[in-house]
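These notes concern the structure reproduced below.
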Amino acid sequence: MRAEDAGSLSEMAEALLLDAALENIPYGFCVWSPQFRLVMWNKHYRDLYGFAAEAIYRGMSLEEVVQLSAQLGNHPGQSPDEFYEAYSSQLLANRSGARTKNQEVVHGGRTIETAHVFSPALGWVVTHEDITDEIARTEVVQKRKLELERQNIRLDAAVNNISQGLCMMDAKGRLIICNEPYARIYNLPERLIKPGTQLEDILSHLFDMGMSAGGTREEYIAWRRDVIARREYGKNVHELNGRTIMMQHHPMKDGGWVSTHEDITEQKQNEARIRHLARHDALTDLPNRIEFLEQMAKTEAGLSRGEMAAVLYIDLDHFKAVNDTLGHAVGDEVIKQASARLWGTTRETDVLARLGGDEFALLMRPIEHVSDAAKVADRIIKSIGAPMIIGGQQIEIGASVGIAVGPGDGVKTDTLVKNADLALYKAKSEGRSTYHFFETGMDAELQQRRSIEAGLRLALQREELRLVFQPLLGLAENRVTCVEALLRWDHDGRTISPVEFIPIAEETGLIVAIGEWVLREALKTCATWPGDVRVAVNLSPIQFKSRDLTSLVRSALADAHLPATRLELEITESLLLAENETTFKALHELRAMGVRISMDDFGTGYSSLSYLRSFPFDKIKIDRSFMRDLTTRGDSQAIIQAVIGLGKSLGMTTTAEGVETEEQLEMVRKHGATEVQGFLFSPPLPPAALANLLHSDSVKAQVDRKKAS
Ligand code: C2E
Ligand code: CA
Ligand code: CA
């Protein structure tokens, strides 16, 4: 009721009071008479709809108000008539006194909620409230709720799909959620994985599982609680019944935490294995070079304080031949047996390593005297030198050892290792199966060897190789029956002995090409000799590796227009050391062609006698070392006698090598040797001199003379 409409004073006061109250309620308010006339309203009402103060008046019809309202932009999307129709029929339908609610859109897109109550005395009392902001707020809440639900679904999927164990606890230490891997890692029963489970119950179970950390159940639970209370989150690794579990705690904002649990047993084992593999040799499980060098580095400090340590570099002799001819499986077995034998020579503080191939190293620390290292080297050589039985066959291998002793030969790992290696080189070049200490000046020697190696590569094309020939005399025939071709290398103004360069040629594989040249050259020369003199050619075991040795021999014979019977091939025991099928096949093929096969240097190896049974040799050449000892050692004479006898019974001829004196000649003649070879009759000669000798009878005369005397 507006103040201006009041009658009496008291009525006026009442009206003023009511007016003030109406103006102060925080929403729009109006009353419609039962005849749809505007009776009462407040300023909020006007403001909500945008009515100016003078625009509305008491008694204004609903229709007029609706018209005005529409003009002001309220109820967009509806015509004033439509709106009036709907609104008035709604009011008319609601005369029960119950409160009904309605929403309308007004200018500016805001939403007004109207509530109507009908009283027969007053008409409709309507309140109007702008609920635009409230709607927006509830929409946001609704959205958040949806989002949260979606997140929960996602979390659930995540929790159940990760392979790690996961457990989420609230701030009060109650289980929110955990997944299957978590239950599996700790073997948790059904009742302990239910949401709401108390941390204590889980911890108690973990204690029963063996996660005690050494104390009692109470101590364990208290400790874990304490860790959580102090929020000491992070990684920790624990052992559980032989498995390794990595646990990680992550705090949550609300005071709870998430823990992840991963069984890293395999991962750790793999890591350990990889670490081990990186530092050990797979075949022998000995430390490898990396580990060895690190162990040596740890010894440096002691060495600089004056403590003594020795480094032994060990190399197997003939290993390459065994590996090449018998195959890698046998080679591997040789390495394994050798490493076991080496291991037997070490002490607890020593380090034995396999550096690769057939190379081993032994670090002896500490030692008292230099002689300690010599003793061990000696033991190593003896132990490796004893025959090995592999796959039913006997294999002989040797070891060469180079020794450097610190601090005298160096303190730094690099220096000691280099010096031990140089000493090894020396031991090998001195005929193998020996040891050698490092000496100053070895470096220069090695340089020399390297330059030989480099020079040898060019020797063939530079035509620096030539053959000399040494006759073999048949004692029954009393003439030269065979001539051995021996290789010479003229290099840098001097003639290098085959003893010096053949081993290098073998190691580098150059022997294959050189050997072919020797064979062709020897046969070519032989073709210029009288019809029945044979040529003997030395073969290196490496040459048997090239499969087509027989075709090479066949082609060289054809090129020289010589029958196979004019050729003798001399092989040494080291070839047979590796008794393998290809070797024997080649030997038999060659022999079937008519080529004669001689066993050279007989008596220098371990089991020469057993080799005699392995192949029907045509000739045995008794090593010249027996000739040297003939007059001083009684057993040499006995051996020569026995070998000649054996040769006879096996149908093999015998040649005595290195006959230098008349006494020696007499001796071998007495025992029945077939041939003799040596300086007494002739040194190796250039081709022309040899040809002269063959065409004269000077040698024959010499023999005759000796026979007569
Ligand atoms: P080898 O097969 O035992 O050759 C015989 C060696 O004894 C030759 O040494 C020869 O000069 C030497 N000699 C001959 N008569 C006497 C003597 O009365 N007293 C002494 N003390 N020595 C005598 P050379 O020519 O230095 O050859 C040494 C080794 O080199 C040969 O021993 C052989 O194993 C190897 N060799 C030589 N030429 C070749 C070749 O063309 N191919 C291969 N694979 N090896 C070869
Ligand atoms: Ca020979
Ligand atoms: Ca010989």
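The values are calculated or read from the model by the stated rules, or taken from the named source; none is laboratory data. Remember, predicted model here, so these are calculated numbers, not experimental data. Neighbour counts are summed over all protein chains in view; Cβ atoms, including those assigned to glycine, are modelled from backbone coordinates with ideal geometry. Please note that ligands, DNA and RNA were not included when accessible areas were found on the heavy atoms of the full protein model with its side chains. Shrake-Rupley method; radii C 1.70, N 1.55, O 1.52, S 1.80 Å.
What to note about this one:
- Loop trypsin sites (Lys or Arg not before Pro), region 320-391, which have at most 16 other Cβ atoms in a 10 Å radius of their Cβ (DSSP): ARG347
- Quotient of the Cα radius of gyration of the chain and 2.2 N^0.38 Å, N being its number of residues: 2.06.
- Protein heavy-atom surface of region 14-130, 1.4 angstrom probe: 55% of the accessible area is carbon and sulfur, with nucleic acids and ligands not counted.
- Inter-site label distance for GLN67 and LYS235 at 7 Å from Cα along Cβ, in nm: 8.3
- Extension gain from LEU446 to SER96, taking 0.36 nm per residue of separation minus the Cα-Cα distance: 113.8 nm
- Sparse-neighbour loop sites [trypsin sites (Lys or Arg not before Pro); region 65-120; at most 14 other C-beta within 10 Å; DSSP]: ARG95, ARG99
- Remark: the SER204-ASP532 segment gains 107.9 nm on full extension, using 0.36 nm per residue and subtracting the alpha carbon distance.
- Pairwise centroid distance, computed over Cα atoms, of region 318-377 with region 275-306, Å: 15
- Straight-line reach from LYS194: taking Cα to Cα under 16 Å and skipping same-chain neighbours fewer than 8 places apart, the lysines in range are LYS172.
- To the nearest 10, the accessible area of SER304 is 90 Å² with a 1.4 Å probe.
- On the basis of the beta-carbon distance and an R0 of 30 Å, SER89 and ILE25 show a calculated FRET efficiency of 0.60.
- Rounded to the nearest 0.05, the FRET efficiency derived from the C-beta distance between ALA476 and THR346 at R0 = 60 Å is 0.55.
- Gained length - TRP223 relative to LYS412, 0.36 nm times residue gap less alpha-carbon distance: 63.0 nm
- Two-site FRET efficiency, ARG669 against LEU458, from Cβ-Cβ distance with R₀ of 41 Å, rounded to 0.05: 0.35
- For the chain, CYS30, CYS482, CYS526 stand unpaired, since no other cysteine beta carbon lies under 4.7 Å from theirs.
- Antiparallel bridges, percent of DSSP beta bridges restricted to region 462-707 (to nearest 5): 45
- Rounded to the nearest 500, the 222 nm mean residue ellipticity of the chain from helices alone is -14500 deg cm²/dmol, with -39,500 (n - 2.57) taken per DSSP H run of at least 4 residues.
- Each residue, MET12 and ASP324, gets one label point 7 Å from its Cα in the Cβ direction; the gap between the two is 13.7 nm.
- Helix 80-93 axis, angle to the chain major axis (alpha carbon atoms, nearest 10°): 70
- Solvent exposure of region 283-440 amounts to 43 Å² per residue of accessible area, where only protein heavy atoms count and the probe is 1.4 Å.
- With a threshold of 29 Å on the Cα-Cα distance, the over-threshold entries among LYS524/LYS585; LYS428/LYS524; LYS101/LYS145; LYS43/LYS101; LYS545/LYS670; LYS145/LYS253 are LYS428/LYS524; LYS545/LYS670.
- Solvent-accessible area per residue in region 462-707 equals 43 Å², computed with a 1.4 angstrom probe and all protein chains kept.
- Carbon/sulfur fraction of accessible area - region 283-440, other protein chains in place, 1.4 Å, %: 52
- The chain: angle of helix 634-650 to the longest principal axis, Cα-based, in degrees nearest 10: 80
- Separation of the MET252 and ILE162 label points, Cα + 7 Å toward Cβ, nm: 1.3
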